[in-house]
1. I need the full set of residues from segment 54-63 which are modelled with pLDDT of 95 or more and part of a loop (DSSP other than H, G, I, E, B), in order please.
2. Can you name every one of the strands (runs of 3 or more DSSP E) wholly within segment 246-331 that holds 1 or more residues which are within 16 Å of Leu229 (Cβ to Cβ) and touching a Ser or Thr at 6+ places or on another chain (Cβ under 8 Å)?
3. For segment 257-267, indicate whether the set of residues that are out of contact with any Cys (no Cβ under 6 Å at 6 or more places or on another chain), over 27 Å from Cys153 (Cα atoms), among the aliphatic types (A, V, I, L, M) and not assigned by TED's automatic domain parsing to the domain that holds Glu190 is non-empty.
4. Given (1) closer than 29 Å to Gly110 by Cβ; (2) part of a loop (DSSP other than H, G, I, E, B), where does Asn10 come up short, assuming only one miss?
5. I'm trying to understand the selection: among the residues of segment 85-104, which are β-branched (Val, Ile, Thr) and crowded, with 22+ Cβ neighbours inside 10 Å?
6. Which of the residues spanning segment 37-67 are closer than 21 Å to Gln13 by Cβ, of a type in the set (Ser, Thr, Tyr) and surrounded by 14 or more Cβ atoms within 10 Å (Cβ to Cβ)?
7. Within the set of pairs 6 or more residues apart or between chains, which connect a residue that is assigned by TED's automatic domain parsing to the domain that holds Trp160 and closer than 18 Å to Tyr189 by Cβ inside segment 126-145 to a residue that is outside any helix (DSSP H, G or I) and modelled with pLDDT under 95 with Cβ atoms less than 7 Å apart?
8. If I filter segment 94-101 for residues that are in contact with a Cys (Cβ under 8 Å, 6 or more places away or on another chain) and not β-branched (Val, Ile, Thr), do I get at least one hit?
Amino acid sequence: MVSILIPFRNTEQFLPECFDSILVQTYEDWELIAVNDHSTDKSKEVVHGYSQKDSRISVYENNGQGIIPALRTAYGNASGSFITRMDSDDIMSPDRLQEMVTALRNSGKGHVAVGQVRYFSKQGISDGYAKYEEWLNLLTARGTNFTEIYKECVIPSPCWMVYREDLEKCDAFRPERYPEDYDLTFRFYEKQFRIIPCDTVLHLWRDYPERTSRNHHHYAQNYFLDIKLHYFLKLDYATGRPLVLWGAGFKGKTIAKHLVNKKLDFYWLCDNPNKIGKKIYGKVLLHFSILKTLEQPQSIITVANNQSQEEIRTFLDRSDQIAMRDYFFFC
């Protein structure tokens, strides 16, 4: 059985489409555990209506405040062998559960089943979202999602499924760290799970002005940077090698400030001639030529410009440095 975990809060207008897309799944051995996160509209009534029509649907109240406590409540009442998530404003493709269960059965434990995603919106999709969709789907088609994990969340949330035992190995929804989907992605990475490639759109992401990821402070850029640095220092940082930080924009400065606060020594590189030689947070900004004097440096790259990223990648590759070992793109 598949346990589908759905926290919901004030999404009454979208719940029928969401739940209807689950009811027509070609794979029928599922339970839907919906958790009301203190809705003030008629969301709870809508969900209760569905639960009265189908015994596979159950409704609970959030034991705390926010999506992580809601997920804990849902997971605590789940009994399926497979665990997946769903957002109450999104839509599943009819074969999503079947595709994921089949993928996991064929590949076994230690794997994450994912699917391609597609944005839809009455207002139209922004260029940024369109590029993110394209980038994420390309990774998902190849199953190479973890190769760019420090750039952005590489598991299409909530379009994933794992064995229950594997979720437990990753500490499930117990950590109190936001954004919760990105944190879980890093824990999948930490346990060295493998992504099962998928070239099929299994999930439709609804974009609208009130969407949580657009408005809640837990999804602000600084939270993403905190998670990236936390897991980099835990999983990939080689303490005996010189640490190098590229870029002095917002992300570069934020990372630099954290490193300074953690009393970690690093070299800070910048290509802006007006900044080179100046100090920020007590660190002198240096020209990239300093790299030639360092033995086996390890780089965090926060430069956002695509052309500059390619130039940096080419430079590092020619220096026999390897991505995700010697250098890591944080944007």
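1. Within segment 54-63, Asp54, Ser55, Arg56, Asn62 meet the criteria.
2. 327-329
3. No, there is no match, as no residue in segment 257-267 is out of contact with any Cys (no Cβ under 6 Å at 6 or more places or on another chain), over 27 Å from Cys153 (Cα atoms), among the aliphatic types (A, V, I, L, M) and not assigned by TED's automatic domain parsing to the domain that holds Glu190.
4. The failed condition is (1).
5. none
6. Matches in segment 37-67: Ser39, Ser43, Tyr50, Ser51.
7. From segment 126-145, the pairs are Leu136/Pro156; Thr140/Pro156.
8. yes
The values are calculated or read from the model by the stated rules, or taken from the named source; none is laboratory data. The structure displayed is predicted, hence computed values, not measured ones. Cβ: placed from backbone, ideal geometry, glycine included. Neighbour counts: every protein chain shown.
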